[in-house]
1. From the list 305, 288, exactly one residue is touching a strand residue (DSSP E or B) at 6+ places or on another chain (Cβ under 7 Å), loosely packed, with under 14 Cβ neighbours inside 10 Å and over 30 Å from residue 189 (Cα atoms). Which is it?
2. Suppose we keep only residues that are over 13 Å from residue 244 (Cβ atoms) and assigned to a loop (DSSP other than H, G, I, E, B) within the range 201-218. Which one would you say is modelled with the highest pLDDT?
3. Tell me the residue from 407, 399 that is in the same structural domain as residue 304 (by TED's automatic domain parsing), away from the ligand (no atom under 16 Å from the Cβ) and within 25 Å of residue 314 (Cβ to Cβ), please.
4. I'd like to know if the range 443-463 contains one or more residues that are in contact with a strand residue (DSSP E or B) (Cβ under 9 Å, 6 or more places away or on another chain), modelled with pLDDT under 95 and surrounded by fewer than 17 Cβ atoms within 10 Å (Cβ to Cβ).
5. Only one of (1) under 30 Å from residue 405 (Cα atoms); (2) surrounded by fewer than 23 Cβ atoms within 10 Å (Cβ to Cβ) fails for residue 558. Which number is that?
6. Considering (1) within 15 Å of the ligand (Cβ to nearest atom); (2) closer than 27 Å to residue 146 by Cα; (3) out of contact with any strand residue (DSSP E or B) (no Cβ under 8 Å at 6 or more places or on another chain), say which one residue 370 fails and leave the rest.
7. Identify, from the list 449, 444, the residue that is in contact (Cβ under 8 Å) with a residue 24 or more places away in the chain, outside any helix (DSSP H, G or I) and more than 16 Å from the ligand (Cβ to nearest atom).
Ligand SMILES: [Zn+2]
């Protein structure tokens, strides 16, 4: 499951009240960005509240839980029929492989992803599915990984080449160009590189919580360029730690001159005598960083008119390099993602096996294991934009994301997407007392997982999820915590839904639903858009716009790109979150957005 919790963007500690069953007056502290909640997937606050709540109750429940778990296990073990035992044994095999340390957390574009996709492809092959990717079972797609400093970037002072890793870096918004000159450090002459010591600025603003050093440098650089500077070189001789580093996720527009930062030691060495001139040679080269992710797709052709898509993402967080781990210690630990989402991937394989021999043949079946989900639904978005079957023939899509932790005491199975077709009511009955779990229905067709991509193509969806837990997006999401009998019951339930719909033998009619508004509106305002996390241009592209909310009232439509809110430039989803944190409910400002080549400015009220 995808979560927008990135912490490489300067977080501030926040204290707030947690309302999740904590004792009155008890407060917890979390580290978090000021998230906009707009669909911004499951947010840190909720989860930490859940986690704290869980921990608070856990001790008291532990004895009971162990007792009931054991009792339940033996009861189930006795009652299980042979096909069910086979499913459980297979699930154990799949999950223990996919969530093994050897796969290093299955991060999209890594060797761990390759091992996982080969395993899934092999399983699909053994079951007898036909390949439905673009390269056999696989479909590769590009993941924009921000910017990088290309190898040909070069900086020398007085003939000594500086080290890119330790001595200097060009900012991500720097121009790509070359400069050779011998400027005076203290003079700001036309057609020459300029130098700027951040010392005074940092000292003046050391108690100013609203001061944004990067924005300051950007403004300084574009101002210098207008006055004739051919480059801007900044350094810091103050005792204040400026924390500046190359920020690959910075998607603000490139300036017209190179802008470089020189670290403390070389600055001390070369810029000591401000009256001197220094011979410098600069070549800045900032490039796009890309990774390749892979979906795995297998097909059962029943010569039917319509196809049912069953999906689950198989990628996870790796070592947390993408900033989406809940682990805040900075340790490099493998996130095995047994529940998220080795559980759903294994369920996908088992459903494929069951449906291969099923009598329900009024549909074809397409099974897709998606990658790039944890980065923002990259794989499913790519698939729905580049499908290998005709999407208009898709009857409905079922998505499983985190189905391995059915709680033995609450027994809640969450079913999302219920509002995406009126016909779901005929097969999903939350009142059914015979079910081994309690169904919690959510009507929205959008949410923090891959069904959202299919919903956006007007396809009815259901989303299965056994609920949050304290191991979510942590290295402790391991195979030994999976509730295998619970997952078996989810698989059998989904199989029943497919079989029952097969009897009706008709294509489901699609209905639009509200957009999921996840997150906390308590400490930030929202615009009511669903950001496109795969968009790599400058700004925030709206994948969806919720009726009646500020963005929609300001005239925004899906596909528009927000570039500015009030005085603040919006270059990426991250800056968008930060900027929203600056507004309060009732504030009025202007939103600037692009629609194709057109730039539109409109009033917006939060
Ligand atoms: Zn996840």
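The values are calculated or read from the model by the stated rules, or taken from the named source; none is laboratory data. It should be emphasised that the depicted structure is a prediction, and the values quoted were computed from it without experimental measurement. Cβ sites come from the backbone with ideal geometry, for glycine too, and all protein chains shown count toward neighbours.
1. Working: 305 fails: touching a strand residue (DSSP E or B) at 6+ places or on another chain (Cβ under 7 Å).
On inspection, the qualifying residue turns out to be 288.
2. Filtering first and then ranking leaves 205.
3. Values: 399 fails: away from the ligand (no atom under 16 Å from the Cβ).
Every option except 407 fails the conditions.
4. yes
5. (1) is the only condition that residue 558 fails.
6. (3)
7. Working: 449 fails: more than 16 Å from the ligand (Cβ to nearest atom).
Criteria check complete, one pass: 444.
Residue by residue, here is whether (1) without any contact (Cβ under 8 Å) to a residue 40 or more places away in the chain; (2) within 17 Å of residue 284 (Cα to Cα); (3) within 33 Å of the chain's Cα centre (by Cα) holds:
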{"residue": "92", "(1), (2), (3)": "no, no, yes"}
{"residue": "121", "(1), (2), (3)": "no, no, yes"}
{"residue": "148", "(1), (2), (3)": "no, yes, yes"}
{"residue": "181", "(1), (2), (3)": "no, yes, no"}
{"residue": "191", "(1), (2), (3)": "yes, no, no"}
